[in-house]
Amino acid sequence: MRRNLWLYRRCLGAQLRATLEYEGDFWIMSVAALLTQGMGIVFLWAIFRAIPQINGWRFWDVVLIYSLVALTEGIAVLLAQGAWSMAVTVNLGGLDTILVRPYSPLLQVLSSQIGMNGLGNLALGGSLFVAALLHVGVAWSPGRIATAAFVLAFAPLVKIGLNVLTNCSAFWLKTPWSMFPFAFHTLGELARYPISIYGVVVRVILSVVLPYAFMSYFPATAVLSLGSSSWLGVLTPVAAVWCLLLGRWAFRRGLLRYESAGS
Amino acid sequence: MARIEADDLRKVFRSPDKRPGLAGSLRHLVERRYSEKVAVDGISLRVDEGEAVAYVGPNGAGKSTTIKLLTGILVPTSGEVRVNGIVPHRNRVENARGIGVVFGQRTSLWWDLAVRDSLELLRDMHGLSTAEYWANLDRLVEMLGIGDLLSSTARRLSLGQRMRADLAAALLHDPPIVYLDEPTIGLDIEVKDRLRAFLRQIVAEGTTLVLTTHDLGEIEDVCSRLVIIDHGRIVHDGGLRQVIETYARERVMHVDLAARPVSLAGIATRLAGATVIEERDGLGVAVTFDPLAHTAGDVLTAIQAELQVVDLRIKEPAIEDVVRRVYAGQLIPGPDDSPDDSPDDSPVR
Ligand SMILES: Nc1ncnc2c1ncn2[C@@H]1O[C@H](COP(=O)(O)OP(=O)(O)OP(=O)(O)O)[C@@H](O)[C@H]1O
Ligand SMILES: [Mg+2]
């Protein structure tokens, strides 16, 4: 375990050095991330100007959820962007090399990219998070702080696990494009808003089938003790482990049918 | 000790039978028809420690697929593999510690990293101590002449430079087994020579080597065993020298003459079984003979008795000649004696 983490850091560090050579990219991507997330906030603000409350959620509550998405997404992008390279790695034969190195193939894939735009997400998410906390007016007890820290530490792992799971479709689809997992990523964006506003089907999908809601909505309910299902947020670590296991399972199934590329 | 044991390995690729265009794709969704391609069709192979095996065959014969099965990259459709006593595709990390692999067409270096950074990452993955790392690296740098490549990014290396850096990456942990799949593709003569010398050295030091190539010249002085594969099956497996003695035994003596001879018939009658043909517009003669029937001395004496010799060369049979016969379909296994039963002498047809 320690060796795995240490090697993971080594791989990411090497990618970081390589990425910093393209400094231009870093700024463009960060600004792009800031703009996309910022637009979302403007959108939220416009809605709440018209309707002050949605299902009992006020503007700053939703900003809090929103900031959690930005934070967890930022961490996932920064630390495990390699999941999105799966389609290329698997279907253009790059996996061959990975499979003959003495380090977990999945961890090699995950650490094969570092998404510097994650920093943009983190910066914006962090500021929104602090701003939201100042406005939502919860009483901070040591217990609540501990719950928040605990739950939030696991939230990014939910997204990483789901990224692995959906991107493993590359083994079956056999195209170097990530359209299919990206569709699910877009579905996951629905969890930027309180999922209680959706119909039951969407809610079940987002909380059970592909539990994207555990990267933001449920952790937020736990932190705020809001809504009837706030206890669910405490299950975030369980959801995270479940998603990671699913991802690993899919990757292993994929390796069994991996055909390399003719050469 | 057997380093590699493969038993009746098969690999079948299944590819969708899609008609071109969107209509074809949609139709495939409904019909789901596949065609199967048997790339490796029942290969059994045992390679002992320290053996150097040349694995040759025409394009599409299944060489790369076999290597991918032996290295654990692909899971066999059926059959069994053991390498260093473990099943490669079930225990990839453990397997990777004991092997070094180079695919000529593909780099194993990190594209955007300096070669040195790639090597250091591999050092950490293999868990090499600093002392081991430097000892191995120094040796590889010297043998492969890559000292001044270490600080370049893999992306910026020329093909030959990249190949040498790749070899260093594959051998950094001093693996007991090395697989090289067409390692000389696109290399110039000088680099090829250096690589060959290098391979001879690691084999002499006890490394087990499996080498696939189309550049047959390099097999002769590196490998001691030749495995020929075609259509996914082994058609020959035996000692390299024996193969040459059996299938490419004849030698050719080329002589240059001072003057055009009147007739060559005299030479032919002195050397039973040899063929004599005219070369260089009559100013030369080529005598093809079996060294077991006539010594080179006999042949020269016979020629000199008839003609005045200015210069001579003897051409040894090359492994190219053997394999060319296989390529031309002359050396294929009979229906009732499979190569597994008689690995050392497949019949000539
Ligand atoms: N990933 C794949 N999917 C489908 N068919 C494949 C795949 N890889 C190889 N094949 C087929 O399997 C056969 C054997 O291929 P392989 O690459 O092993 O040949 P090879 O002996 O290495 O040839 P070459 O000398 O051209 O490198 C070929 O007919 C090839 O088309
Ligand atoms: Mg090949």
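The values are calculated or read from the model by the stated rules, or taken from the named source; none is laboratory data. The model shown is predicted, which means the values in this text are computed figures rather than measured ones. Because the Cβ atoms are built from the backbone with ideal geometry, glycine has one as well, and the counts that use them run over all protein chains shown. When the accessible area is computed, the model is the full protein with side chains, heavy atoms only, and any ligands, DNA or RNA have been set aside. Shrake-Rupley method; radii C 1.70, N 1.55, O 1.52, S 1.80 Å.
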Q) If you roll a 1.4 Å probe over the heavy atoms of the protein chains, what accessible area per residue do you get for the protein assembly as shown, in Å²? A) 46
**Q.** Diffusion constant of chain A at 10 °C, which comes from Stokes-Einstein with the Kirkwood Cα-pair radius and 1.306 mPa s, µm²/s
**A.** 83
**Q.** Assigned charges on the beta-carbon of Lys, Arg, Asp, Glu; chain A dipole about Cα centre (debye)
**A.** 600
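Roughly how much accessible area, to the nearest 100 Å², goes out of reach of solvent when A and B pair up, both sides summed, probe 1.4 Å? Provide the component values of the computation, followed by the final result.
Numbers: alone 13420 and 17350 Å², together 27970 Å².
Summing both sides, the interface buries roughly 2800 Å².
Using helices alone, I'd like the mean residue ellipticity at 222 nm for chain B: each DSSP H run of four-plus residues gives -39500 (n - 2.57), total over residue count, nearest 500.
-10000 deg cm²/dmol
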Q. Roughly how many nanometres apart are two label points built 7 Å out from the Cα toward the Cβ at residue B:278 and residue B:22?
A. 7.1
Q: Give the dimensionless ratio obtained when the Cα radius of gyration of the range B:129-168 is divided by 2.2 N^0.38 Å.
A: 1.17
Q: Would you mind telling me which residue in B:284, B:42, B:145 has the biggest mean-square fluctuation in a Gaussian network model of chain B, where springs connect alpha carbons within a distance under 10 angstrom?
A: B:284
(Q) If I fit a long axis through the Cα atoms of helix A:117-136 and take the longest principal axis of the Cα atoms of chain A, what angle between them do I get, 0 to 90°, rounded to 10? (A) 20
Q: Go ahead and collect, in residue order, the members of the range B:235-279 whose backbone nitrogen is under 19 Å from a label point 7 Å along the Cα-Cβ direction of residue B:310.
A: B:253-264, B:277-279
Q: Rounded to whole Hz and in sequence order, give me ³J(HN,Hα) for the range A:16-22 from the Karplus expression 6.51 cos²θ - 1.76 cosθ + 1.60, θ = phi - 60°, writing x for Gly and Pro.
A: 4, 4, 5, 5, 5, 5, 9
Q. With the Cα gyration tensor of the range A:144-263 giving a ≥ b ≥ c as the square roots of its eigenvalues, does the rule (a/c under 1.5 for rounded; else a/b larger than b/c for prolate; else oblate) give rounded, prolate or oblate?
A. prolate
Q | Carbon + sulfur, % of accessible area of the range A:33-257 - ligands and nucleic acids excluded, 1.4 Å | A | 74
(Q) Looking at chain B as a GNM with Cα springs under 10 Å, which of B:33, B:123, B:46 has the largest mean-square fluctuation? (A) B:33
Q: Calculate the spin-label point distance for residue A:202 paired with residue B:15, positioning each point 7 Å from the Cα along the beta-carbon direction, and give it in nanometres.
A: 4.3
Q) Going by a ≥ b ≥ c, the root eigenvalues of the Cα gyration tensor, does the protein assembly as shown fall in the rounded group (a/c under 1.5), the prolate group (a/b larger than b/c) or the oblate group? A) prolate
Q) What are the principal axis extents of the Cα atoms in the range A:32-159, in Å, biggest first? A) 56, 35, 24
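What size of dipole, in debye to the nearest 20, comes out for the protein assembly as shown about its Cα centre when the only charges are +1 on Lys and Arg C-beta atoms and -1 on Asp and Glu C-beta atoms?
Dipole magnitude for the protein assembly as shown comes out near 3380 debye.
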Q: With label points built 7 Å along Cα→Cβ from the Cα atoms of residue B:116 and residue B:158, find their separation and express it in nm.
A: 2.3
(Q) Springs between alpha-carbon pairs under 10 angstrom, Gaussian network model over chain B: which of B:100, B:186, B:50 fluctuates most? (A) B:186
Q) How big is the charge dipole of chain B about its Cα centre, in debye rounded to the nearest 20, if each Lys and Arg gets +1 on its Cβ and each Asp and Glu gets -1 on its Cβ? A) 1480
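Please compute the average number of Cβ atoms from other chains found within 10 Å of each residue's Cβ in peptide A:90-101.
Per residue, the average neighbour count from other chains is 6.
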Q: Over the range B:143-182, with every protein chain in place, what whole percent of the accessible area is carbon and sulfur at 1.4 Å, could you tell me?
A: 43
Q: Please list, or write none, the aspartates and glutamates whose alpha carbon is within less than 15 Å of the alpha carbon of residue A:159, excluding same-chain residues fewer than 8 places away.
A: A:73, A:189
Q: May I ask you to evaluate 6.51 cos²θ - 1.76 cosθ + 1.60, the Karplus curve with θ = phi - 60°, for each residue of the range B:105-115 and list the ³J(HN,Hα) values in order in whole Hz, giving x for glycine and proline?
A: 7, 9, 8, 9, 7, 6, 4, 9, 9, 5, 3
Q | Over the range A:1-103: Kirkwood hydrodynamic radius from C-alpha pairwise inverse distances, Å | A | 17.1
Q: Once you have a ≥ b ≥ c as the square roots of the Cα gyration tensor eigenvalues for the range B:67-109, tell me rounded if a/c is under 1.5, and otherwise prolate or oblate according to whether a/b is larger than b/c.
A: oblate
Q) What does the average come to when, for each residue of peptide B:96-103, you count the partner chain Cβ atoms lying within 10 Å of its Cβ? A) 3
(Q) Between 0 and 90 degrees, rounded to the nearest ten: what's the tilt of helix B:130-144 against the longest Cα principal axis of chain B? (A) 30
Q. Which of the trypsin sites (Lys or Arg not before Pro) across the range A:99-190 are loop residues per DSSP, with 16 or fewer other Cβ within 10 Å?
A. A:174
Q. With a Cα-only, solvent-free Debye model of the range B:250-315, what are the log10 I(q)/I(0) values at q = 0.12, 0.20, 0.23, 0.29 Å⁻¹?
A. -0.23, -0.67, -0.91, -1.52
Q: State the three equivalent ellipsoid semi-axes of the range B:137-245, derived from the C-alpha gyration tensor as the square roots of 5 times its eigenvalues, in descending order and whole Å.
A: 27, 15, 13
**Q.** Per-residue HN-Hα couplings for the range B:148-158 [Karplus 6.51, -1.76, 1.60; θ = phi - 60°; Hz; x = Gly/Pro]
**A.** 8, 9, 4, 8, 7, 6, 4, 4, 8, 7, 6
Q. Amide H to amide H, which residues 5 or more places from residue B:3 or on other chains are under 5 Å from it, using H placed in the peptide plane?
A. B:47, B:48, B:49
(Q) A drop of at least 50 square angstrom in accessible area, chain alone versus all protein chains together, probe 1.4 Å. Which residues of the range A:228-263 meet that? (A) A:259, A:263
Q) Using a 1.4 Å probe on protein heavy atoms, which residues of the range B:50-79 have at least 20 Å² less accessible area in the complex than alone? A) B:64, B:68, B:73, B:74, B:75
Q: Grab the other residues whose beta carbon is less than 14 angstrom from that of residue A:210, score K and R as +1, D and E as -1, and report the net.
A: +1
Q.
Over 20 Å between Cα atoms: which of A:174/B:63; B:11/B:63; A:174/B:37; B:63/B:315 fall into that group?
A. A:174/B:63; B:63/B:315
Q. How many Cβ atoms of partner chains, on average, are near each residue of B:104-114 if near means within 10 Å of its Cβ?
A. 4
Q: Using a cut-off of 12 Å between beta-carbons, work out the net charge of the residues near residue B:65 (Lys and Arg +1, Asp and Glu -1, residue B:65 not included).
A: +1
Q) How many Å³ per residue does the convex hull of the Cα positions in the range B:2-245 occupy? A) 150
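How about the range A:1-107: which chymotrypsin sites (Phe, Trp or Tyr not before Pro) there lie in a loop by DSSP and see at most 13 other Cβ atoms within 10 Å?
Numbers: sites: A:6, A:8, A:22, A:26, A:27, A:43, A:45, A:48, A:57, A:59, A:60, A:66, A:84, A:103; in loops: A:22, A:103.
The qualifying sites are A:22.
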